[in-house]
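Take a look at the structure set out below.
The values are calculated or read from the model by the stated rules, or taken from the named source; none is laboratory data. The structure displayed is predicted, hence computed values, not measured ones. With ideal geometry, Cβ positions are generated from the backbone for all residues, glycine too; neighbour counts draw on all protein chains shown. Heads up: the accessible areas ignore ligands, DNA and RNA and are worked out on the full protein's heavy atoms, side chains in. Shrake-Rupley method; radii C 1.70, N 1.55, O 1.52, S 1.80 Å.
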Amino acid sequence: MPDPTLEEALKEAYATAPAGEVILHTLEFRHPEFTTPLRVVRDKADLLATLEANAPENPSEEVLFVQFSFDLELPDITNGSSPELLLTIDNVNRDVLTYIDLAANSPDLIEVTYRPYLLTDTSAPQMNPPLTMTVKEVEADIFRITARCGFGNFANKPFPNEVYDLQRFAGLLTV
């Protein structure tokens, strides 16, 4: 089943694998305790790329994604279960551990945004909207960190999510 969120250039890169076209996988981690988002790219060089216009932080700005070695399994939306992104980071450095320690001592969840870019076009992510999930579970040892990311618990969301009060909806007043 085609993914309507993917840009045509990325669909073409997946389908034809042209020589010299490289898909760069990026992740952005956000948390209230982080002074700035942690942005990484799965590559051997740092990446300057422009975020989408509705990005949670630095919209439409060119930002730096730091080169980092990680592996990810994108969610499988065809099997009917709750989609999860599985993220594995080997040889974790101190910078990442500092961010993890900050988040571990907080009740707030870490948000993760996945954005694919093409090496030949870093003017915008090749997925619109980018995939944003929350970290649900983290396992860590001295060699590796594994995180399972998923969507929030929709059962705990208020419905309807708008409060109907008399100030905005005077027609609710019965006499």
ask   = How do the pairs read when you match residues in the range 118-135 that are among the hydroxyl-bearing types (Ser, Thr, Tyr) with residues anywhere that are surrounded by 17 or more Cβ atoms within 10 Å (Cβ to Cβ) and not in a strand (DSSP E or B), using Cβ under 7 Å and keeping only pairs 6 or more apart or on different chains?
value = 134/110
request  = Quickly run through the range 37-53 and pick out the residues that are more than 19 Å from residue 86 (Cβ to Cβ), in contact (Cβ under 8 Å) with a residue 12 or more places away in the chain and not basic (Lys, Arg).
outcome  = 37, 43, 45, 46, 47, 48, 49, 50, 51, 52
query = Across the range 125-175, which residue is modelled with the lowest pLDDT among those that are among the polar types (S, T, N, Q) and part of a loop (DSSP other than H, G, I, E, B)?
reply = 153
message = Please pick out the residue among 58, 54 that is open to solvent by less than 80 Å² (accessible area, probe 1.4 Å) and over 24 Å from residue 148 (Cα atoms).
response = 58
inquiry  = Quick check on this structure: which one of 111, 33 is within 14 Å of the chain's Cα centre (by Cα), at pLDDT 80 or above and open to solvent by 60 Å² or more (accessible area, probe 1.4 Å)?
reply    = 111
query = Counting only residues that are under 19 Å from residue 84 (Cβ atoms), of a type in the set (A, V, I, L, M) and part of a strand (DSSP E or B), how many does the range 104-124 have?
reply = 1
